[in-house]
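The values are calculated or read from the model by the stated rules, or taken from the named source; none is laboratory data. What you see is a predicted model; the values in this text were computed from it and never measured. For neighbour counting, all protein chains shown are included, and Cβ atoms are generated from backbone atoms with ideal geometry for every residue, glycine included. Side chains included, ligands, DNA and RNA excluded: accessible areas come from the protein's heavy atoms. Shrake-Rupley method; radii C 1.70, N 1.55, O 1.52, S 1.80 Å.
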Amino acid sequence: MRLLYLLLLIVVLSCSHKVEQETALCEYIAHAGGAIDGYVYTNSIEAMENAAALGYRYIELDLQYTADSVLVAAHSWGDFNRITGFVHCGDTAPVLKEFVARRIYGKYTPVTLNDINDFFTRHKELFLVTDKVSDVQVLNEAFPSLKERMVVEAFSYDDYRNLLSDGYYRVLYSCMAEDLYSSLVKHMMLHALFRGPKIEWLALHTSAAEYPFFALVNTLCDFKTALFTVNDISLIPDVFDERLRMLYTDSIIPCNR
């Protein structure tokens, strides 16, 4: 199936051209809440407050469900159990009561849904970037007043389309999406032949530069990139220069590139 998509791309190559991008400043995203005291991936209240104080406008949180089906922030349950002293629990999700009782690295506070809404209500100048969950109904219920300040990484084209049509500020089509190849061909390469909005934003790992499929996408299409995760600007592959608009980082302090 992937070979078919590549052949389709080659067919349209002769009648396509790369649209030049205007120069734009890269926005820095505090990855998993941002670094604090040398720790990363904490998704903690303290990390969020630290990121706000450092001048980040975009703060990313990983959304997970507890064992009793409550949405909270944690990179993964394996990571959360390890950094809260419960490594013996493996990747088993705690219930909400256990989640809020723990401390990350013995001192940082786990983040509940109420904490997220309270933080972004107090910091109206900031944007919430989400990972792991992209169902529009779930996000509408979880963040009823944040839609216009949310950047959502979508994990299917259906989610991408639904989030855009529902008025979310920015939607990033994820390189982790299961329908990645078919969606890029249909809704980016051959957009005129298919229904639905054209994909304008991609959330890409730096390793994407190594894949031929990305090289074709980069040649044929006009899109913007949110790149993860980068802690040394000098290591960003040159191929991303024209596309780069957002950068997930643990520790780079916001500034103009």
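Based on Cα contacts under 8 Å between residues 6+ apart, segment 38-128 shows a relative contact order of 33 percent. Please work out the FRET efficiency for the pair ALA101 and HIS205, using the Cβ-Cβ distance as r and a Förster radius of 41 Å; give the result to the nearest 0.05. My answer for the efficiency is 0.75. Take the Cα of ALA67, step 7 Å toward its Cβ, do the same at ASN140, and the gap between the two points is 3.2 nm.
The charge dipole of the chain, taken about the Cα centre with unit charges on the Cβ atoms of Lys, Arg (+1) and Asp, Glu (-1), comes to about 240 debye, rounded to the nearest 20. Taking the average, over residues, of other Cβ atoms within 10 Å as the packing measure, peptides 100-109, 50-59, 228-237, 169-178 rank 169-178, 50-59, 100-109, 228-237 from highest down.
Accessible area per residue for the chain, computed on protein heavy atoms with a 1.4 Å probe, is 48 Å².
By accessible area, using a 1.4 Å probe on protein heavy atoms only, segment 116-166 has 46% of its surface on carbon and sulfur. Here the sum of -39500 (n - 2.57) over DSSP H runs of 4 or more residues, divided by the residues of the chain, equals -8000 deg cm²/dmol at 222 nm, to the nearest 500.
Can you give the relative contact order of segment 125-257 as a percent, counting alpha carbon pairs under 8 Å and 6+ residues apart? Relative contact order of segment 125-257: 16 percent. The count of lysine pairs in the chain that are at least 8 places apart or cross chains, and whose C-alpha atoms lie under 16 Å apart, stands at 5. Ranking THR42, ILE104, VAL129 by Cα position along the charge dipole of segment 20-177, where only Lys, Arg, Asp and Glu carry charges on their C-beta atoms, puts ILE104 farthest toward the positive end.
Computed from the C-beta positions of VAL87 and ALA192 and an R0 of 51 Å, the FRET efficiency is 0.45 to the nearest 0.05.
Packing, taken as the mean count of other beta carbons within 10 Å per residue, orders the peptides 140-148, 203-211 from highest to lowest as 203-211, 140-148.
Measuring from label point to label point, each 7 Å out along Cα→Cβ, what is the LEU54 to ALA215 span in nm? Using points 7 Å along Cα→Cβ, the separation is 3.5 nm.
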